[in-house]
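Enquirer: Okay, here's the structure, questions in a sec.
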Amino acid sequence: MILTPFLLVKFAKVCAASLYVTGSVGAVFAKSYEDRKRFAYFLAGPGFALSWAFGILLTWQAGVELLSLWILGTAACSLLSLNGVLFIAGAETRRTRGSGMFVLIPLFLCLFFMVTKVTG
């Protein structure tokens, strides 16, 4: 198998998305506030930024429209989820069942859109 630039970027995108998911889930389920902040700021934040960067690069390489419905859905869900992660990491008392759902539901919808490329 020949490693093409497209495959390398695709692999980097999967790694970045994994980093983002790990940080998000860790921020929701970590017991201590310090651990929640670490998951949010050192894993979820960089994973989010790298996912977007590699995702945009992948769409360019594949010739996919950035305004495709599944890409817009993924972008909206990832933004919602990241805001939930940052909300939870912002204060010790903010980790509730509702804030956790505000992170996890859009996160899994985001992954669903990326994997299935739902078009409407």
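Enquirer: Mind counting the residues in the stretch 57-78 that are surrounded by 14 or more Cβ atoms within 10 Å (Cβ to Cβ) and of a type in the set (A, V, I, L, M, F, W, C)?
Expert: 8
Table: residues versus (1) part of a helix (DSSP H, G or I); (2) at pLDDT 95 or above; (3) more than 10 Å from the chain's Cα centre (by Cα).
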site: SER18; (1), (2), (3): yes, yes, no
site: TRP52; (1), (2), (3): yes, yes, no
site: LEU58; (1), (2), (3): yes, no, yes
site: VAL64; (1), (2), (3): no, no, yes
site: ALA76; (1), (2), (3): yes, yes, yes
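Enquirer: Just to be sure, is THR22 of a type outside the set (Phe, Trp, Tyr) and in contact with an Asp or Glu (Cβ under 8 Å, 6 or more places away or on another chain)?
Expert: no
Enquirer: Run down ILE88, ILE71 and say which single residue is under 21 Å from VAL21 (Cβ atoms), at pLDDT 95 or above and of a type in the set (A, V, I, L, M).
Expert: Matching residue, one of ILE88, ILE71: ILE88.
Enquirer: When you scan the stretch 31-46, do you find a residue that is under 24 Å from VAL115 (Cα atoms), of a type in the set (A, V, I, L, M), at pLDDT 95 or above and surrounded by fewer than 19 Cβ atoms within 10 Å (Cβ to Cβ), even just one?
Expert: no
The values are calculated or read from the model by the stated rules, or taken from the named source; none is laboratory data. Model, not experiment: these values are computed from the prediction. Positions of Cβ are generated from backbone atoms using ideal geometry, with glycine treated the same way; all protein chains shown enter the neighbour counts.
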